[in-house]
Amino acid sequence: MLSDNNGRTGIYLSPMLFNNLLENNTVPIHSGSKTDVFTLGLSVLVAALLKNFTSKIYNPNGTFNMEVFTEVFREMEHKYS
C-alpha cells in the first residue's frame, strides 16, 4: 500500500484479496496471476493520470466502487484517445 499526497493510504489489492483482508483471512485462496494483473492495471491508471484514486476504489463497506473506476477509466480514455 502507498500513500497519496493527502496522506491517505491507497489500496492496490484485488477485490478478492481486499475482502479476505476485511475478514481477517490470513491465508486467502485466490489467483495470483489475476491479482497481479489487477494491481498492474491500477498502477498503470495511476501513473497515466498522475492521480492517485486508489484510496476511493473501495466503498466503506468493502465493495468495489465501480463508479470511481468508471470515472477514472473515462478520464483515461479522454486523455489518451
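No lab work stands behind these numbers, since they all come straight from the coordinates. The shown structure was predicted, so the numbers you read here are calculated from the model rather than taken from an experiment. Note that each Cβ is placed from the backbone with ideal geometry, even for glycine, and that neighbours are counted across all protein chains shown.
Could you give the angle, 0 to 90 degrees to the nearest 10, between helix 32-49's Cα long axis and the longest principal axis of the Cα atoms of the chain?
30 degrees
Determine the relative contact order of the chain: mean sequence separation of Cα pairs under 8 Å and six or more apart, normalised by residue count, in whole percent. Don't jump to the answer; show the numbers that get you there.
Values: 64 pairs, mean separation 23.9, N = 81.
Relative contact order here is 29 percent.
Note the listed values (1) -0.42, -0.71; (2) -0.50, -0.79; (3) -0.61, -0.92, then indicate which one is log10 I(q)/I(0) by the Debye sum over Cα atoms at q = 0.13, 0.17 Å⁻¹ calculated from this particular structure.
(1)
Which longest uninterrupted range of the chain lacks any trypsin sites (Lys or Arg not before Pro) assigned by DSSP to a loop state (not H, G, I, E or B) and surrounded by at most 16 other Cβ atoms within 10 Å? The partial results should precede the final answer.
Numbers: sites that count: Arg8, Lys51.
Result for the longest clean stretch: 9-50.
Calculate the spin-label point distance for Thr63 paired with Ser33, positioning each point 7 Å from the Cα along the beta-carbon direction, and give it in nanometres.
That separation, rounded to one decimal, is 3.0 nm.
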